[in-house]
Amino acid sequence: NSNFLQRTMEPTAGGEMPFMRMPHDTMRLGLPGAKADVSHLGKHPVELIQEQGPTKDVAEKRAMLANLYGIAMPARMDIESQILSRQRRLPGLPSSRLGLELLTGDIDRFGFESYLDHPGDRPDMPRMDLHSVMEAKMGLNQMPGYGPGSTR
């Protein structure tokens, strides 16, 4: 495609728009578009902001805290986030991780994932009680002599 354009487009003096000698072959090359001819742009600026935004914000916040309170403050926040990310409820019970959301500031963000497609709202999700989940986790339901219909 770019080979064809190089053969058919002649650069003009003064950095003006190139002049095409041959018409665009739509059947072979598809519909012409301005974005296809520009290869240096890459992604849309909004897409770049959405991809790099959260990681860039975290890095800027860590640098600001290190400059303001010293290097120990970001290290302390990292340790606290590791501790809060390990906190869980018993298996089978949903964990909101409220402490981690408060520490990271995610509690102030309200996006589509906050109210759409919760796993607990799905009718096809299996509902297991706490005892069944703990038995499966500890492997008690696979041992002989345990389970419904067994006598001891």
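The values are calculated or read from the model by the stated rules, or taken from the named source; none is laboratory data. The structure presented is a predicted model; accordingly, all values stated were derived computationally and were not measured. Cβ sites come from the backbone with ideal geometry, for glycine too, and all protein chains shown count toward neighbours. Side chains are part of the model used for accessible areas, which takes the heavy atoms of the whole protein and leaves out ligands, DNA and RNA. Shrake-Rupley method; radii C 1.70, N 1.55, O 1.52, S 1.80 Å.
Here is how the numbers come out for the structure above:
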| quantity | calculated |
| --- | --- |
| Set of aspartates and glutamates near LYS137 by C-alpha distance (under 12 Å), chain-local residues within fewer than 8 positions excluded | none |
| Order of exposure, largest accessible area first, which applies to HIS24, HIS131 with probe 1.4 Å | HIS131, HIS24 |
| Sequence-distant aspartates and glutamates (8 or more away, or on other chains) whose Cα lies within less than 19 Å of LYS56 | GLU47, ASP78, GLU101, ASP106, ASP108 |
| Karplus-derived HN-Hα couplings along the stretch 56-72 (A = 6.51, B = -1.76, C = 1.60, θ = phi - 60°), whole Hz, x at Gly and Pro | 5, 4, 5, 5, 5, 5, 5, 5, 5, 5, 5, 6, 7, 10, x, 5, 6 |
| In the stretch 82-115, chymotrypsin sites (Phe, Trp or Tyr not before Pro) in a DSSP loop with at most 15 other beta-carbon atoms within 10 Å | PHE110 |
| MET64-ARG127 FRET efficiency (beta carbon distance; Förster radius 41 Å; 0.05 resolution) | 0.35 |
| Whether the stretch 72-118 is rounded, prolate or oblate, judged on the alpha carbon gyration tensor where a/c under 1.5 counts as rounded | oblate |
| Extension gain (nm, one decimal) between ASP78 and SER95, 0.36 nm per residue minus Cα-Cα | 4.1 nm |
| Estimated inter-spin distance, ASP57 and LYS43, nm [label 7 Å along Cα→Cβ] | 1.6 nm |
| FRET efficiency, ARG109 to LYS137 (Cβ-Cβ, R0 25 Å, nearest 0.05) | 0.20 |
